[in-house]
Amino acid sequence: MSQVTVGRWGKSLAIRLPGEIAKAAGISDGERVEIEARDGNIVIHPAAPRFTLHELFAGKSPQEWRAAYAGAFDWGPDVGREAVEE
């Protein structure tokens, strides 16, 4: 178990993670983490990655995406005045 000193960083408090703790947790420099207080303990874990829509859909054209998911939904037969053109 490592001990660290709490310091001030602007209006917030800060700690420095010892290298062996960061390595054991799989946390690297510049990585985003989530932190929460749970039952009086501080819990830190890597944050889920965030992607932009551009990053998520990169690599395929809109036509390729439509073709890939053309049969993904079956809404049933057309009802009423709706007109579906493909």
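The values are calculated or read from the model by the stated rules, or taken from the named source; none is laboratory data. Just so it is clear, the model here is predicted, and its values are computed rather than measured. Quick reminder, even Gly has a Cβ in these numbers, built from the backbone with ideal geometry, and neighbours come from all protein chains shown.
Brief remarks follow.
- Annotation: W75 fulfils all but one of (1) loosely packed, with under 10 Cβ neighbours inside 10 Å; (2) modelled with pLDDT under 90; (3) not in a loop (DSSP other than H, G, I, E, B); the unmet one is (3).
- Of all residues in the range 14-33, none satisfies the criterion of being more than 26 Å from R50 (Cα to Cα) and part of a strand (DSSP E or B).
- If the condition is being under 21 Å from S12 (Cβ atoms) and not small (G, A, S), then the range 23-40 contributes I27, D29, E31, R32, V33, E34, I35, E36, R38.
- Looking only at residues of the range 37-59 that are among the aliphatic types (A, V, I, L, M) and exposed (fewer than 10 other Cβ atoms within 10 Å of the Cβ), we find that the one that is modelled with the highest pLDDT is A37.
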